[in-house]
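Visitor: What follows is a single structure, and I will ask about it in a moment.
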Amino acid sequence: MINQEPTSRMQKFLTMFVALDRRWIFSAVAILTVIFMMLDFNLPIQPSPQAEGMYKTINSVQPGDVVHFSIDYGPSSAAELWPQHLCILRDLMRRGARVVCSSLWADGPPTIEKGFNIVVAELAEEGIKRERGVDYVNLGFKAGDRVAIASLGASFKRTFPTDYSGRPTASLPIMQGWDNYNDVKLLITIGVGDPGAVEYVQQAQSRYRVTMVAGVTAVISPQLYPYYQSGNLQGFLGGLAGAAEYEKMANTPGRATKGMNVQSAIHVLIVLLVLLGNLAQFSLRMMARR
Amino acid sequence: MNRALTFLQSRAARLALAGAAIFAGATPAFAADETTRVLASRLGEVLPDLQLSDGITSATVGSAYRLLEDFNVVKLPVFVLLIFFVIFFFVLNRRVRKGGEVELRRLPGINAIEEAIGRATEMGRPVLFIPGINDIDDIQTLAGINILAHVAYIAAEYDTPVIVATRRSVVLTICEEVVKAASLAAGRPENYIPNNMRYLSDEQFAFTAGVNGIMLRERPASCIYQGCFYSESLILAETGFVSGAIQVAGTANVSQLPFFVAACDYTLIGEEFYAASAYLSKEPPVLASVKAADWLKLVIMPVMLIGVVAITISASLPAGSEWSLHLEEFVRLLKEIL
Amino acid sequence: MKTRVPIFITAFVGIFMILKFFVVTPWVSAVADELVQWGVITLAFAIILGVLNLAKINLKAVVERKTDWPYKAILLFGMVFMMSVGGFQWHLDMRAEEALSALTALEASGAAPAAVAAAVAASGEAQARAATNIFNFAFTRIYTPLSATMYSLLAFYVASAAFRAFRAKNLHATLLLVAAVLVMIGRVPVGGLLQVDLSDGTIWRPLVWIQDWLMTWPNAAGQRAIQMGAAIGMIATGLRVIFGIERPYLKG
């Protein structure tokens, strides 16, 4: 009936709305994003059970525990994953864990450096001193995806003979007394796709029974529910919303909490557009029947 | 006694013993070194110097145990399934070769591929094919290339050019060979146009931008995406929609399926994507392999069902009751074995 | 022969890799790892084929002034530019490494403090040059924003695709529409604004609860089914390729 010649003004309008030019939708998304980024208010955030699981697991880490923190994303997806990365790193370093960072993505190591620099400076302001090579290390990038993960199960030092700045890992104080997943207290991955959380579950968690949590983009998060239910993952964060939930629990509202205003507004806009589109189509069908 | 000895020397008994040995030695539930050692030594104790057949004694079985130490016990279920699959494949292949029919359910997405090429022919415009963005070591890329062979063949029959855009150089080289071979097989070698085989960039979004450029400038009438895709899936499919192309997608990347379903005309989901080349080629061994995969599911489903029923009954019984504990133990054992 | 040799190689390597998956014998792992390394090296060298293909097609279009040739010229310029600055970066990295080695050698040999100080300064300068150059600028100021821009297009495309796709045409489409709307609202804080005070004093957020239920149960069940089906399909496709049942690239 949409192809029929519209007769009334109402019909013309509805026909136009049903086939709305996407540039109008793009404009509405852009305008709402800008407006809600400027507004200063915070919506109440309700943490999901998955985010609660993640928070509890990370906060069970004791000073001196070895945590393997794999940063498997590049600059393109930083908008979604950087807030997760930052708030988790802050928690780990504040708790005094030995944070061992590495990446399966070639453009991951600069992001790891950026995270360490920010958090170490923040903690220094609070009077907490964290030293490179003693409390934290950036092992850099390792190619090979699944093979690289499996290789970590055998030996971290052999997989990464040097750290990102070229120092031999075997001589670093942080690397003493442990070498594989049998001695790792917690495995965390922040990832955008393949290789990422699913590959770590298959190659590291299920093989070595290491406790694991993950942070992923919103698109990937539906894939992690089966692993959460089966107990492979103790918790996970999905996209910016996940980071906001974590910030809420850690009581450190930041970029993700702020981003929730924009995300809420855009979700509401999409839902309204979808509902109105359906209403318009339904009305046109009714008019055609008459 | 004689009968018992005859039985022990029989082929069936040897197979049963070997099976028991493999199960005991290789199953995680029994794989603790201590248990394996005890079982292995007991076989020698209980049946010292037993002649199972010519030259095979209980000691030989003991040596077989040591060989099992090299087997990755965690992967035993996968190994068993693989053996099942190979057996099913040979049985079905034999049946198909003898003229037996293999019935497969209809997939609208497969017909859509042929329709999409037909439409491009009617409009006198090319077909754009993308075999995913991963390298040749990804099985999805191989599945996509298998589909490309059929797309290129049909397109050559219809005298319609095919543009192939790849993100990896090796994939490009193989696609060139595939399209060339398909055009030749269709009797139209001139349908292979080297300039239509394009490597764009190894960088994900540079590749995406390049494909979008092809869609908007060269206006292919049909876009066929078959392979492994990530965040670029929606960007490609939306641009394809804007260019007015018929779009058929196929991927086993679950996270990208919603985008393809929303923006494309047809989508081959998961195993449909892997089976597509069998549907298109209709070659007996390929069809047999698809049917063997279905039979394999029939093996897996009862095990899943038993697990689900056991855990459901266990959860509905009063906590700590005898039966509940038995069922929990059974489910734990099942999980351990699998 | 032309067909049999590649099929034999594929089958041999494929079966060996399957064997490696199931056994933990060190020599099998060693040979398989070596084969993987060969594969990685071959794939890395194949980039030359891609670059040649890109140069051939686009250079020809630019020279012949074909339609849209300026785009192709920009593409070629970009490629040559990034390759050049990459080469320059490699040169700077080598210089920095050499300066560091020289400094270490001087320190070890117990050279005069002045010479060591000069070497420290030279090394520092080389490190600084390697760290701040045009390659880093191109990476952080051109490549990163362009990648992020392409990725963020998704936000716009999701909106337009959802508006077009979520139409209640039949029962299945209506179910998809309802589930999508509930998840979209329940997933963001605005969904938590709808609250019900229960008699026991707790607060129930129906939209959040429904969203969580949809994601935890129907979604996880669907995900599992698709993943299992795909895994079996993957086994079937893999074996077809390994045993040469499907070999479209060898038909020519």
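Visitor: Do any residues in region A:53-66 that are within 14 Å of A:Arg90 (Cβ to Cβ) have Cβ atoms under 8 Å from those of residues that are aromatic (Phe, Trp, Tyr) and surrounded by fewer than 12 Cβ atoms within 10 Å (Cβ to Cβ), where the two are at least six apart or on different chains, and which pairs are they?
Guide: Within 8 Å, no pair qualifies.
Visitor: Restricting attention to region C:223-252, and to residues there that are open to solvent by less than 30 Å² (accessible area, probe 1.4 Å) and either of a type in the set (Gly, Ala, Ser) or part of a loop (DSSP other than H, G, I, E, B) (or both), which single residue is farthest from the other protein chains (Cβ to nearest Cβ)?
Guide: C:Gly244
Visitor: Taking into account only those residues within region B:258-282 that are outside any helix (DSSP H, G or I) and within 8 Å of chain C (Cβ to nearest Cβ), which is least open to solvent (accessible area, probe 1.4 Å)?
Guide: Checking each candidate, the answer is B:Gly270.
Visitor: Could you run through region B:296-323 and say how many residues are open to solvent by less than 50 Å² (accessible area, probe 1.4 Å) and of a type in the set (Val, Ile, Thr)?
Guide: 2
Visitor: Separate question: Can C:Ile48 be described as more than 9 Å from chain B (Cβ to nearest Cβ) and out of contact with any Leu (no Cβ under 8 Å at 6 or more places or on another chain)?
Guide: no
Visitor: Need the failing condition index for C:Tyr143 against (1) in contact with a helix residue (DSSP H, G or I) (Cβ under 6 Å, 6 or more places away or on another chain); (2) open to solvent by less than 80 Å² (accessible area, probe 1.4 Å), just the number.
Guide: Among (1) in contact with a helix residue (DSSP H, G or I) (Cβ under 6 Å, 6 or more places away or on another chain); (2) open to solvent by less than 80 Å² (accessible area, probe 1.4 Å), the lone unmet condition for C:Tyr143 is (1).
Visitor: For region B:124-135, check the following and say yes or no: at least one residue is touching a Ser or Thr at 6+ places or on another chain (Cβ under 8 Å), within 8 Å of chain C (Cβ to nearest Cβ) and open to solvent by 10 Å² or more (accessible area, probe 1.4 Å).
Guide: Looking through region B:124-135, at least one residue is touching a Ser or Thr at 6+ places or on another chain (Cβ under 8 Å), within 8 Å of chain C (Cβ to nearest Cβ) and open to solvent by 10 Å² or more (accessible area, probe 1.4 Å).
Visitor: Within region C:120-141, track down each residue that is within 23 Å of C:Val80 (Cβ to Cβ), among the aliphatic types (A, V, I, L, M) and modelled with pLDDT of 80 or more.
Guide: C:Ile134, C:Ala138
Visitor: Output the number of the condition that A:Leu269 fails; it satisfies all remaining conditions of (1) more than 9 Å from every other protein chain (Cβ to nearest Cβ); (2) open to solvent by 10 Å² or more (accessible area, probe 1.4 Å).
Guide: If we test A:Leu269 against (1) more than 9 Å from every other protein chain (Cβ to nearest Cβ); (2) open to solvent by 10 Å² or more (accessible area, probe 1.4 Å), just (1) comes out false.
Visitor: Given the condition open to solvent by 60 Å² or more (accessible area, probe 1.4 Å), among the polar types (S, T, N, Q), part of a loop (DSSP other than H, G, I, E, B) and over 13 Å from A:Val66 (Cβ atoms), answer yes or no: does some residue in region A:165-185 qualify?
Guide: Looking for residues that are open to solvent by 60 Å² or more (accessible area, probe 1.4 Å), among the polar types (S, T, N, Q), part of a loop (DSSP other than H, G, I, E, B) and over 13 Å from A:Val66 (Cβ atoms), one finds at least one in region A:165-185, hence yes.
Visitor: Quick check on my filter: what residues within region A:247-276 are among the polar types (S, T, N, Q) and closer than 15 Å to C:Pro189 by Cα?
Guide: Those that are among the polar types (S, T, N, Q) and closer than 15 Å to C:Pro189 by Cα: A:Thr257, A:Asn261, A:Gln263, A:Ser264.
Visitor: Of all residues in region C:175-220, which are touching a Lys or Arg at 6+ places or on another chain (Cβ under 9 Å) and surrounded by fewer than 18 Cβ atoms within 10 Å (Cβ to Cβ)?
Guide: Within region C:175-220, C:Leu193, C:Leu194, C:Gln195, C:Val196 qualify.
Visitor: Which condition number in (1) within 19 Å of B:Ile235 (Cβ to Cβ); (2) at pLDDT 95 or above is the one that B:Ala116 fails?
Guide: So the condition that B:Ala116 fails would be (1).
Visitor: On to the next question. Return the only residue of A:Gly140, A:Gly64, A:Gly108, A:Gly133 being out of contact with any helix residue (DSSP H, G or I) (no Cβ under 9 Å at 6 or more places or on another chain) and at positive phi.
Guide: When all the criteria are applied, what remains is A:Gly64.
Visitor: Please enumerate the residues belonging to region A:272-287 that are open to solvent by 30 Å² or more (accessible area, probe 1.4 Å), without any contact (Cβ under 8 Å) to a residue 24 or more places away in the chain and within 12 Å of chain C (Cβ to nearest Cβ).
Guide: Listed by number, the residues that qualify are A:Leu272, A:Leu275, A:Leu279, A:Phe282.
Visitor: Of all residues in region B:92-107, count the ones that are in a helix (DSSP H, G or I) and either surrounded by 14 or more Cβ atoms within 10 Å (Cβ to Cβ) or not assigned by TED's automatic domain parsing to the domain that holds B:Asp294 (or both).
Guide: Final tally of qualifying residues: 4.
Visitor: Is region A:144-157 home to any residue that is open to solvent by 10 Å² or more (accessible area, probe 1.4 Å) and part of a loop (DSSP other than H, G, I, E, B)?
Guide: There is at least one residue in region A:144-157 that is open to solvent by 10 Å² or more (accessible area, probe 1.4 Å) and part of a loop (DSSP other than H, G, I, E, B).
Visitor: Of the conditions (1) closer than 21 Å to A:Phe41 by Cβ; (2) of a type in the set (A, V, I, L, M); (3) within 12 Å of chain C (Cβ to nearest Cβ), A:Met249 clears all except one; give me its number.
Guide: Every listed condition holds for A:Met249 apart from (3).
The values are calculated or read from the model by the stated rules, or taken from the named source; none is laboratory data. Note that this is a predicted model, so its numbers are computed, not measured. No Cβ is skipped: glycine too gets one built from the backbone with ideal geometry, and neighbour counts run over all protein chains shown. Surface accessibility is based on the protein's heavy atoms, side chains included, excluding ligands, DNA and RNA. Shrake-Rupley method; radii C 1.70, N 1.55, O 1.52, S 1.80 Å.
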